[in-house]
Amino acid sequence: MEYYAFVHFSTNTFTNQEWGFGDDDPKIFNPTQLDCRQWARVCKEAGMKGVIITAKHHSGFCLWPSKYTEYSVKNSPWKNGKGDIVGDLAKACKEYGLKLGIYLSPWDRNFADYGKPEYITYFRNQLRELMTQYGDIFEIWFDGANGGDGYYGGTRGTRKIDRTTYYDWSNTYKLIRELQPKIVIWNDGGDRADLRWVGTEEGYVGEKNWSLLNAKGDVPEDMLRHGVENGEVWVPGEVNTSTRPGWFYHEYEDSRVKTLPDLMNTYHHSIGRNGTLLLNFPIDKRGLIHENDEKAVKALAKAVKEAYSVNLAQNKKATATNIRENALMFNASKALDADKNTYWATDEGITNAAITIDLGKPTVFNRFMAQEYIRLGQRVKSFKIEALIDGNWKELAQQTTIGYKRILVFPTVRATKVRFKVLDAKACPLISNIGVFNAPQILTAPSITRNQAGEINIKADDPESQVYYTLDGSTPTTKSVKYTGTIQTNGKMTVKAIAVEASTKKSSEIAEEKFDIVKKDWKIVGISDEKAYKVIDGNSHTAWYQAKTQTLPVDLVIDLGKDVTLTGFKYLPWQSTDGVISKYQFSVSLDGINWTIVNEGEFSNIKNNPLLQVKTFTPSKAKFIKFTALKNTKNDNWAGYAELDVITK
């Protein structure tokens, strides 16, 4: 199970929220084309092995007709209240040969007794339904979000719980294993489970990644990211991320689906670093995986196949500096025979050894893959790769752990031999598979930025690439305008651009950025610190923080320079854990004195996913805006901003 899908779908899909409060009317849930067979088909064609469905997210709305609540599909217009999405997906998974997993939020912002012992009975009753009505379940997923604001039993309020004790996880686990003996448990908020979160939702795990944790005790971010070398229990890292910035569907993210280079990076930084990849599809309002997301994952499947279908080292001649008991069953060829049940092994106590692979002729390659025989544990602590180029050995890479699978990416070389050296290991290394590959180049889409003065800059990652662009939202080609330098603009526009390799004329994915009004006349009011203008400089890599001496709530007021009609705003936090605003108010004014609050609430999941936040509201006239930070993710008094922007009518 290297690679499998998440699907997020709920009332949130129809309210443009990431986290519902539990107060949405079930009648808004009415997907007109819902097709779980389409979900399963896309996942199968993408090379995934299973699907985990958000049977109940934090809002408490259930995608199956639970007999323990009225807050479910049975009170929605979909199929006249007779439908069961979990059941439909279970059938689709069986048809397409996929495994089914279940996400059940421990936090329930709708249930009246959340925070009381009665809720645990309710929670376990729902678990029993899900574990007994839909066949084999390969994984159960418990989110780490626990307690907070909600609409509990129809009343606005806040419920706080002790996440370590409230759910009585030991007995909850016991129930799950009784009902589903082969299941894998993922839990970020309680007793040690079978899989671990990797500390981020951005699609990567640490380069050093042990599949071990201590049996008890807290797991700080460093342990989440890297595991524990001498841990006592086997808890591999599962990398969870989404095809888009958000987990639930938002129409404005249709152009924000991860590009092929982005997805390949995610693949290499998850599966290629001894992790599994759980990639989310935000199901759209129709009840389908959107065409853009489908196209993206199919492109990834094609690129992975093109990169890794031909192992240039398979069955090549190889020698090793040490072979366990000089036995044929442990010699170097066992790492090159494409059989995961055989392996090269060294003698007991030998933790530094090498395999040299003769490629037979000068061979071009740019990827290296190694796998340990993981049934006998993870052992390698460090290793390096060398290549014989023009008669001289050259180091290509040096790294730490291997585990189930490790993939290294490096510039293309032409060599006759490859040497894999284990530098250190916990015990004699057991290497079941070695691969050498020549992956085709994937051009990265260029970056597009616009500064406060309205100047657009477009930059390709490869300085040798040529860039072509359009300013009217049309598709760029090599016949479009060639980028030669800064472009002065004014007003709203959609910029698209491609990077083109001059020799082959191959082009990258299309980069797209939508810009609203130019900020050249904007002025920050009441703040003397000139650095505050980093908030509106159009550069996401700069940031400004309010003084720590101030106490939240704290305001950021901007004079827009003229009257405009606003329909929303955008907030990008600085990409760190400090000063990330989680609750806010947004107000408008025509004179800077009399203010009207036009939007307020929370930036759901911003702690784990600190990406661009987009909020919309009823059209409102404004010359001044006021963004009020009410609370941050650390509950201290720091408020930080990378960018603040507006959406105009």
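Couple of notes before you dig in:
- The relative contact order of region 137-275 comes to 21 percent, based on Cα pairs under 8 Å that sit 6 or more residues apart.
- FRET efficiency for Glu600 and Asn635, using Cβ-Cβ distance with R0 set to 25 Å, rounded to 0.05: 0.85
- Expected 222 nm ellipticity per residue - DSSP helices of 4 or more, -39500 (n - 2.57), all of the chain, to 500: -4000 deg cm²/dmol
- Structure note, pairs Lys570/Lys621; Lys514/Lys548; Lys49/Lys459; Lys79/Lys182; Lys216/Lys548: Cα-Cα distances above 28 angstrom occur for Lys514/Lys548; Lys49/Lys459; Lys79/Lys182; Lys216/Lys548.
- Förster radius 51 Å - calculated FRET efficiency between Leu328 and Asn292, Cβ distance, rounded to 0.05: 0.45
- For the residue pairs Lys482/Lys531; Lys99/Lys285; Lys56/Lys583, alpha carbon separations beyond 30 Å are given by Lys482/Lys531.
- Of the two radii for region 341-453, the radius of gyration is 1.12 times the Kirkwood radius, both from the alpha carbons; that is the Rg over Rh value.
- The calculated pair-distance distribution of region 551-610 uses every alpha carbon pair, bins of 10 angstrom beginning at 0, and gives 17, 49, 28, 6 percent.
- Calculated diffusion of the chain, Stokes-Einstein form, Kirkwood radius summed over Cα pairs, 10 °C and 1.306 mPa s, µm²/s: 59 µm²/s
- Computed as a quarter of the hull surface, the mean projected area of the alpha carbon convex hull for region 3-307 stands at 14.7 nm².
- Here's the list of aspartates and glutamates a cross-link from Lys520 could span, going by alpha-carbon distance under 16 Å and ignoring same-chain residues fewer than 8 apart: Glu455, Glu530, Asp537, Asp559, Asp563, Glu643, Asp645.
- Per-residue Cβ neighbour rank within 10 angstrom, fewest leading, Phe617, Phe142: Phe617, Phe142
- Note on Lys492 and Ser528: with the Förster distance fixed at 30 Å, the Cβ-Cβ geometry gives a FRET efficiency of about 0.45.
- Surrounding net charge for Ser211, when Lys and Arg each add one and Asp and Glu each subtract one, Cβ distance under 15 Å: +4
- When both bridge partners sit in the chain, DSSP labels roughly 75% of those beta bridges antiparallel.
- In plain terms, the residue of Arg286, Arg367 with the fewest other Cβ atoms within 10 Å comes first and the most crowded comes last, giving Arg286, Arg367.
- Fraction in percent of alpha-carbon pairs per bin - 5 Å, region 523-648: 2, 12, 23, 26, 22, 12, 4, 0
- Cα-Cα separations in region 36-143 greater than 16 Å, expressed as whole percent: 58 percent
- Mean Cα-pair separation over length for region 497-546, i.e. relative contact order, pairs under 8 Å, 6 or more apart, %: 20 percent
- Average Cα contact separation per residue, region 317-437, under 8 Å, 6 or more apart, as relative contact order %: 36 percent
- To the nearest ten degrees, helix 36-45 and the longest principal axis of the Cα atoms of the chain are 40 degrees apart.
- Net lengthening on full extension, Asn438/Asn451 (0.36 nm per residue, minus Cα-Cα): 0.7 nm
- In terms of surrounding Cβ atoms within a 10 Å radius of their Cβ, Met131, Met493 rank from fewest to most as Met493, Met131.
No lab work stands behind these numbers, since they all come straight from the coordinates. Bear in mind the structure is a predicted one, so any value in this text is a computation, not a measurement. Please note: Cβ atoms are built from the backbone with ideal geometry, for glycine as well, and neighbour counts cover all protein chains shown.
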